[in-house]
Each structure stands twice: as C-alpha cells, then as structure tokens.
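Structure first, then comments.
The values are calculated or read from the model by the stated rules, or taken from the named source; none is laboratory data. All values reported here derive from a predicted model rather than from experimental measurement. Here the Cβ positions follow ideal geometry from the backbone for every residue, glycine too, while neighbour counts run over all protein chains shown.
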Amino acid sequence: MPSAASTWIDDYAQLARKMTAALARKRPSPLERGRRDVWAAAVVYALASINFLFDKSQVPHMRADDLAALFKVSQKTAANKARTVLDVLKTSQGDPAWWRPSNMDNNPFAWWVSINGLVVDARKLPQDVQEQLAKDGIIPFVPPRREAQDGRIG
C-alpha cells in the first residue's frame, strides 16, 4: 500500500504532466519561450496554489520558497510564471480540474451542483441522482455510501 506522501506526490506528478500538456496545446504555446526549469517550477507552483499546498493548516503543506528552491529558481520567478500558467489555463484555487485526485472528497467545488437554481452538495442527493451526475461528468465520481451518526445509510 502506498504511503500518504507517495500518494500526494504521485497526484502532483500526474497533474503536472496534464497541466504541461494543456499548456503545450495552446497556440501559441507559452512553453515555446523561456527556461524549462522555470516552467517546471511554475506548473508545480500553480498546482500547489490551486491545492492550497502553501496553507499551513493543510496536510500536506510546504512553504512557497521551499518549493521554488527544489527547482533552483527564486520564489518570485516561480510565482510570476505560475500566474501566467493560471491565467493561460483560466483556472484558480480549488478548481476541481486541477485538484489532487486523492483529495477530491475535500474539494467542495467538485460537489456543488445547481438544481432549480438552488446550489446543493451532490453528496447529499439520492444515490440515483449522484450516479446520473457522475455519468454526465458533473461530479467526479459517486462517493461511497457512509453510515450516518444515527445508523442510517446516507
């Protein structure tokens, strides 16, 4: 069984490949200009921002300057280029498209749906509705059924 650390590291690696591919498909691709190490730092920095990695209250967490140092670039350079990544991909903090898969249960944006103008948490909806929402790609998956405090299945 993989450790928690390897799981979130694998999540970031998977998302970094996906994000780099998305940037490469843009025309003109911003990746055509600039240093590879800076772009690598920027992609991971952008993902860290989206996933609140820099928030001390989160697990895992890491300081922004420590992350940039792993790529041997300055924190300011990584942050500035990450802003470009976020702007080009039209994304921001909490975006389910760039959220760590192993932590999707903890992303409220992934579960909010509008039904007749009312925003609700899809995890609270009946199982058949959740299945249809997942089939339609509106929620990431049907969450496992949990036993409620009073013993009912919810």
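A few notes on this one:
- Residues of segment 47-72 satisfying the condition of being β-branched (Val, Ile, Thr) and modelled with pLDDT of 95 or more: 50
- For the criterion of being at negative phi, aliphatic (A, V, I, L, M) and at pLDDT below 95, residue 40 fails.
- Residues considered: 134, 78, 64, 69. Of these, the only one that is farther than 18 Å from residue 8 by Cα and buried (at least 17 other Cβ atoms within 10 Å of the Cβ) is 78.
- In segment 52-109, the residues that are assigned to a loop (DSSP other than H, G, I, E, B) and within 11 Å of the chain's Cα centre (by Cα): 52, 53, 91, 92, 93, 94, 95, 99, 100, 107
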